[in-house]
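Here is the structure we will look at.
Where a number appears in this text, it was derived from the coordinates with a stated rule and is not lab data. Treat the numbers as computed from the prediction; the structure is a model and nothing was measured. Cβ placement follows ideal geometry from the backbone for every residue including glycine, while neighbour counts extend to all protein chains displayed.
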Amino acid sequence: MRLRIRRIRPSLRSAMRLSHRFTLVAMIASLLALALPVAARNPNFRICLRQVINVPGPNFGQPPTIDGVINNDLGWTSAFRYVFGNGTPTPDGVIQGIRDATNIYLSFEVNNDQQFDNEDVIVLTVDPTGVAADAHRIHIFPVFTGAGAAVTGEARLIEHWTNSAAWTLAPALPAGSVKVTAAGVGPVSYFVEVKLARAAFSIPAAGDFGMYFNMIRVSPVGQPIGTAAEMFWPTDAPPIGLDLEGNTPPPNTWGNASLAGTCNGVSIDPSDITTNQTPSSKIAFPPASNIFNALVHNNTVDAGGAFLPANNVSATFKIANFGIPAFGDWALVPTGNNPKIGNIPANSSNTLSTDGWVLTAGQVTQYTAHTHQCILVELDSTDPNTFFVQKSAWTNMNFGTASVADFDAEISGRLKDKPPGGKANHQFDFFVTKKESVLRSQVSRLAPGEGAATQGLDRGHDNGEVDGAGAGAGADETQSRETSQLTWVAHGLRRTGNFIVIKKKKFEIVDRAGSYGFLVQHQGKVGTWLADLTGQSVRKVAENLYRTEVPHGKALTVHTRVEAFEPGVTPPPPKPPRKCGKAKSSVGGFFLLVGVFGLGLIAYAPRRRRKNRRNGV
Amino acid sequence: MRGILSPVPYSVLGLDPGVVWPLALAAALAYAMYFAKRSGLDYRVMYWAGVSALLGGIWGAHLLELLASGSVVEPIEWVRFWTGPKSYFGGLAGGAILGALFLRMRRKPLLAYADAVVPAVSLGYAIGRIGCFLNGDDYGTVSNVAWAVQYPPGTEAQAAHLARGLISSPDSLSLPVHPVQLYSSLIGLCLLVSLSRMRPATTGGRACIFAMAYGIARFAVEFLRGDADPVLGPLSLPQVCSALLVIFGLCLWLRLRKRHSSLIWLKPINGTRGTEDIGGSVAPS
């Protein structure tokens, strides 16, 4: 018997229907896939560009004036503000953002640059819809090498691209979209204001859109090749590296921006960190106790512009030896109320303080060689409705009085990443900035039966210009007393061994390792301040630029001596270091010992002893 | 020479500055032992005197450099003689003091051993200055002579020129300078040869001549030093020390001559005056 297998074959028409349906579904799915973003943006980084308010008065509601002048422009009041801090009062970079009905406004401030360079660049990207074709990238080259900003305020070069899948040159930005000013003579600063029309960039009125900034500060000084320090947000994104135009981070690494919803948040600045000691960096020994304070600010607003409190904000205090600490060097301050938790009222500030820390005997031994410490404050909150603009800050400034002041700082090589190229040592460059100023105080002479009164300080301008004297307090005579002040800051840059090419010029990427510095005061006028950075393996490679190497896993102590010379006193010429015989002492010592020992063997060789005995020697 | 040795290499034939100086000291000790034996002295005593002088010399060099630098250091740094830069005159003084103390303890004739050691000191100096040349230390003044040399980045000479604004780029060579270390080395060699062949009139004569000759030569060479630091008017510390050394040598020589003369007149030998050879030429009466 033959088994017949019956196959049920669909009709041809049915088969065609099925295949058509399948094709249609596949096409729709493909279209949807193309339209959807490849992956979500970085959810941990969010900024809100709130509506311009300015200040009450005739300019109420007026946006910033796009002229390159950021300071004192009240249009930036309550703008989103992100600071690239370094532990000193002058941060390396600041970004601000605000909007009105028509435009979004962004400002970029770059400080502590060694000089103006054609290759200094600001990268700004916007991803309004999540579709690659709609993304924009803008490269702003603000300044001219050696000269700074153009007199007209126009940036040296602006380039505009669209389509993040394959960046394509796009029409230039409208005139007046970008303005630049610059200041300083090493270090230098430049300020860029940008206005982007919301309609032209398809910025949505509601919901998030993607944003990324990168301020690349280059310097050709410090050969063999120049350096480039990237300051970017989100800080989680990869650095551009390699090639400026070919290596923009992908949109899924950008942060989120919004024109609506809760804006601003909680922040802290290096100047908000203090202790009960003078200076704040000093650790006091028993019986004194050390109390750490953080002044935390809150300017959170809701979608309607109403200020909101920030609850359960915790401030964690950590310390590390004064200098350039590595991530792992920070140690929790061992005292009660650390972290300290508190609420920050709406549109206000609150000081969070630890309990007093009295050092134990063991801690006294530990900190005897390091009485000055950097202080780091990290903010956090368990309240999901508390938002942060600046979650941490650290202060790294010391204080001293001259005629002569000496400071030691520890440069840490205890980094997670090993030195590049398999080397044993991390290479650090230090760019030193110095600012001289004169403070004038007024002391009232004692009139009969009256107590002395000291008026406050009239802070002098930079470079020795002094304000006019203020009024006295009704005493018979007032005397003006001058205090000269030097602010000395070393900015640490760590070479990474990675490179970026900007307009066909190659720069080595450096990590901003942090800065440290001190204020030195001298009673009376100072004609010349002398300050020099020295230490084992520290060498001066250019004016205000030093280089040193620190073994991985270890630390190096560097020394700065500051001397104040009054007018008319000529400082001594610099003494060149004398190093004869210093090279490789340990190796040399070994050879010497071997040589001396060998000669001893020759002198006391047995055959010579017998022969000498025979000869009566 | 500028074409061949610009930039000056850090090592030659595998010898770098870290090796050259110890080699110089060991060679000096060996030569001192040899010369002691040749002079009829106990070379083993010379060995231990040399070791004492080495220790005293290294520490003296360290101490004088610390004093000369004027820098404030922790007390432990005075003892840590194995680190930091060294001063030649400090080494000479420290070595002489400790070596002399040792010989005094062993009741050995100081001047005789001093005579035997000075050629060795010259040899050590000649070799050691080559190390300074390779390391770029103690460099010369800027010069355009055909044999001037240039130093690469990372050397004291290049760093000093950069700091003074004589060169602008941290990567460029230093300006051409006198190879003053080689001049010093040549002086050491000349002293070695002449002192070794010399037969001094009296014990201690070789040491006196070394002190005066080296002092004068060093005083002159210091004018060609690019890192000279005036401490007494226009004179640098090595020049002051050289002058003192010359004065010391002169005083010692005069004293020895006077003693030698008085010995001749007070101690006639074999009934005659001035005819016996007692170590030097004596005018026959």
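In what sequence, highest mean first, do B:27-36, A:344-353 appear when ranked by Cβ atoms within 10 angstrom?
Packing proxy ranking, top to bottom: B:27-36, A:344-353.
Let a ≥ b ≥ c be the square roots of the eigenvalues of the Cα gyration tensor of the range A:52-163; is it rounded (a/c under 1.5), or, if not, prolate (a/b larger than b/c) or oblate?
oblate
Can you tell me the alpha carbon radius of gyration of the range A:336-385 divided by the globular rule-of-thumb value 2.2 N^0.38 Å?
Its radius of gyration relative to the 2.2 N^0.38 Å reference: 1.58.
From zero up to wherever the largest Cα-Cα distance of the range A:165-229 sits, split into 5 Å bins and tell me the percent of pairs in each.
Taking every Cα pair in the range A:165-229, the percentages come to 4, 10, 13, 19, 18, 15, 11, 7, 3, 1.
Hey, with R₀ at 30 Å, roughly what FRET efficiency would A:LEU74 and A:ALA260 work out to, going by the Cβ-Cβ distance, to 0.05?
Step by step, r from the Cβ atoms, then E = 0.85.
Between B:LEU235 and B:LEU189, what is the label-to-label distance in nm when each label sits 7 Å out along the Cα-to-Cβ direction?
3.0
Please work out the Cα convex hull volume for the range A:193-351 and give it in Å³ per residue.
202
For A:VAL301, B:VAL193, B:VAL121, what ranking results if the residue with the fewest other Cβ atoms within 10 Å of its Cβ goes first?
Exposure proxy ranking, most exposed first: B:VAL193, A:VAL301, B:VAL121.
For the pairs A:LYS423/A:LYS540; A:LYS318/A:LYS540; A:LYS282/A:LYS340; A:LYS340/A:LYS416; A:LYS340/A:LYS418, note any where the Cα-Cα span goes beyond 23 Å.
From A:LYS423/A:LYS540; A:LYS318/A:LYS540; A:LYS282/A:LYS340; A:LYS340/A:LYS416; A:LYS340/A:LYS418, over 23 Å: A:LYS318/A:LYS540; A:LYS340/A:LYS416; A:LYS340/A:LYS418.
Given the Cα-Cα distance of B:ARG197 and B:ALA243 and 0.36 nm per residue of separation, how much length would full extension add, in nm?
Working it through step by step, the gained length comes to 14.0 nm.
What FRET efficiency do you get for A:GLN62 and A:VAL404 if R0 is 56 Å and r is their Cβ-Cβ distance, rounded to the nearest 0.05?
Efficiency, rounded to the nearest 0.05: 0.60.
Once you wrap a convex hull around the alpha carbon atoms of the range B:136-210, what is its projected area averaged over all directions, in nm²?
6.5
For the range A:75-228, report the translational diffusion coefficient in µm²/s to the nearest whole number, using Stokes-Einstein at 25 °C, 0.890 mPa s, and a Kirkwood Rh over Cα pairs.
150
Hey, if you drop one equal point scatterer on each alpha-carbon of the range A:281-370 and run the Debye formula without solvent, what base-10 log of I(q)/I(0) do you get at q = 0.21, 0.25, 0.26 Å⁻¹?
Each listed q corresponds, in turn, to -1.01, -1.22, -1.27.
Exposure proxy check: A:TRP488, B:TRP48 ranked by fewest other beta carbons within 10 Å?
B:TRP48, A:TRP488
For a protection proxy built on the mean count of beta-carbon atoms within 10 angstrom, sort A:366-379, A:279-292 highest first, please.
By packing density, highest mean first, the sequence is A:366-379, A:279-292.
When Cβ neighbours within 10 Å are restricted to other protein chains, what is their mean count per residue of peptide A:536-546?
Mean shielding count: 3.
For A:HIS426, A:HIS559, what's the fewest-to-most ordering of other Cβ within 10 Å of each Cβ?
Fewest-to-most ranking of A:HIS426, A:HIS559: A:HIS559, A:HIS426.
For A:GLN536 and A:ILE341, FRET efficiency with R0 = 45 Å and r from the beta-carbon atoms, rounded to 0.05?
Once rounded, the FRET efficiency stands at 0.55.
Across peptide A:590-601, how many C-beta atoms of other chains are within 10 Å of each residue C-beta, on average?
5
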